[in-house]
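*Asks:* Below you will find the structure I want to go over with you.
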Amino acid sequence: MKSVLSLLALAGVAVMSGCASSPSVSAGMQAGKFVSYECEGGKRLQARLAADGSTVRIRHEGGYELDRKGNGVYEGEGWRLETQGKVELHHHGKPVARACRAV
């Protein structure tokens, strides 16, 4: 019985450490809630992080679901959102929103 409890405790620690190593996201981005960003040149966008961090829904000239590619990068439908450091949005390799800050 004691060994079963020990195994359950170890499994719980393993699960918790896996959650702690989830990728970091941009300051201001929240799971399940759209956050507005103001960007250089008066441009704006909104982003909503999925609860598990696997996708980000953006609103900029329409709405798009972007998949996590790693290191704070989300891509889909020709769009690329970078969330590490400065938040930037690119479309087909061209920047469309730079130096974005959560408001």
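*Asks:* Return the loop-located trypsin sites (Lys or Arg not before Pro) in segment 60-91 (DSSP other than H, G, I, E, B) with at most 15 other Cβ atoms within 10 Å of their own Cβ; answer none if there are none.
*Replies:* Sites meeting the loop and neighbour criteria: K86.
*Asks:* Would you calculate the separation in nanometres between label points at A31 and E77, each defined as 7 Å from the Cα along the Cα-to-beta-carbon direction?
*Replies:* 2.4 nm
*Asks:* By a straight-distance test (C-alpha under 20 Å), which aspartates and glutamates pair with K94 as possible cross-link partners, with residues fewer than eight away in the same chain excluded?
*Replies:* E38, E40, E61, E65, D67, E75, E77, E82
Rule-based calculations on the coordinates, nothing more; no lab input. In this text, all values refer to a predicted model and were calculated from it rather than measured experimentally. For neighbour counting, all protein chains shown are included, and Cβ atoms are generated from backbone atoms with ideal geometry for every residue, glycine included.
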